[in-house]
Amino acid sequence: MKLKYKIIIIISCVFIFLYFFIILWYNGLIWPNTPSKKKYPVRGVDVSSYQGEIDWETLENQDIDFAFIKATEGSGYEDEYFQQNFQNASETGIRIGAYHFFSFDSSGITQAENFIKTVPKTQNMLPPVIDLEFYAQHGSDPPEKEETRYNLKKMIDAVYDYYGLMPVIYVTDITYELYIKGYFDDNDIWIRSIFTKAELPDERKWTFWQYCNRGRLDGYDGAEQYIDLNVFNGTKEEFENYKG
């Protein structure tokens, strides 16, 4: 009987530990996937209208080196906070770039036009980012590969021609596997990997890693209480010289 009670106590303790671990993780208070600051000293965020009004000096003072700011989506949408965020962030020491949420439902050319008319050319800006991830029904019914690559290539070419910077492609594991693996070798990769260490299946080198989607920092007041956290794959000196 004593052995039985010991087993029950051990199992109960394990469940209690897991319960509190999940609560802390869900609320962004702990993040087991956090990369080493020694190995990845360059830290950043990505933001959109969900973060509301942002105090960029407050973010900078929390060891934030870079920020990707949502600019556009599809062929007609501009993030309502983009111009404000881009201007205010540029007045700090944070190095900034803009990202576009790619639509599987409109042409690459019109998406590029939307991005170009929204995002100004600035000195020392990070390369533009094209965010390739599923939304709505596309998660269960992925778009056709060739058409997606065609439109993505059209957008990449137009954006590169305008800014002179090769766009970075933001991917999830599945969008990389379906659309990017074996293609777009000239584009750096920003990988979303919030549960495991960042790795690409073909051992291709990644440049940015989004390791947390439930980060907590001071300095924003939007409806979204969390903020995405990222690292750059390199030293501070390499980041200062990084052009894509």
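Here, each number is a calculation from the coordinates, and none is a lab measurement. Computed from a prediction, not measured in an experiment: that's the story for all the values here. Cβ: placed from backbone, ideal geometry, glycine included. Neighbour counts: every protein chain shown.
What to note about this one:
- Chain lengthening between Glu237 and Arg204 when straightened (0.36 nm per residue, less Cα-Cα): 9.7 nm
- Summing Cβ point charges (Lys, Arg +1; Asp, Glu -1) relative to the Cα centre of the range 72-165 gives a dipole of roughly 400 debye.
- Linear extension gain, Tyr77 paired with Ile174, 0.36 nm per residue minus alpha-carbon span: 32.4 nm
- Proximal charge balance of Phe239 [Cβ under 9 Å; K/R count +1, D/E count -1]: -2
- Over the C-alpha trace of the range 33-240, radius of gyration and Dmax come out as 16.1, 44 angstrom.
- Least to most buried among Lys37, Lys153, Lys205 (fewest other Cβ within 10 Å first): Lys205, Lys37, Lys153
- Taking Thr72, Thr92, Thr122 in turn, the Gaussian network model of the chain (Cα-Cα springs below 10 Å) assigns the largest fluctuation to Thr122.
- The Phe195 and Lys117 beta-carbon pair, evaluated with R₀ = 41 Å, returns a calculated FRET efficiency of approximately 0.65.
- Amide H to amide H, with H built 1.01 Å from N, Ile54 comes under 5 Å of no residue 5 or more places away or on another chain.
- Of Lys153/Lys181; Lys70/Lys197; Lys70/Lys145; Lys70/Lys121; Lys37/Lys153; Lys197/Lys243, those spanning more than 23 Å from alpha-carbon to alpha-carbon: Lys70/Lys197; Lys70/Lys145; Lys37/Lys153; Lys197/Lys243
- Think of it as helices only: each DSSP H run of n ≥ 4 in the chain is worth -39500 (n - 2.57), and spread over all residues that comes to -9500 deg cm²/dmol at 222 nm.
- Relative compactness, the range 59-157, computed as alpha-carbon Rg over 2.2 N^0.38 Å: 1.17
- Proximal charge balance of Asp105 [Cβ under 13 Å; K/R count +1, D/E count -1]: -4
- The modelled label-to-label distance for the pair Glu133/Lys38, using points 7 Å beyond Cα in the direction of Cβ, is 3.1 nm.
- Estimated dipole of the chain in Debye, rounded to 20 [Cβ of Lys and Arg +1, of Asp and Glu -1, Cα centre]: 1380
- Under 15 Å, Cβ to Cβ, from Glu224 - net charge with Lys/Arg +1 and Asp/Glu -1: -4
- Once the mean of 1/r is taken over each pair of separate Cα atoms and inverted, the range 32-73 shows a Kirkwood hydrodynamic radius of 11.8 Å.
- Peptide packing: for 231-240, 127-136, the average count of neighbouring Cβ atoms within 10 Å per residue gives the ranking 127-136, 231-240, highest mean first.
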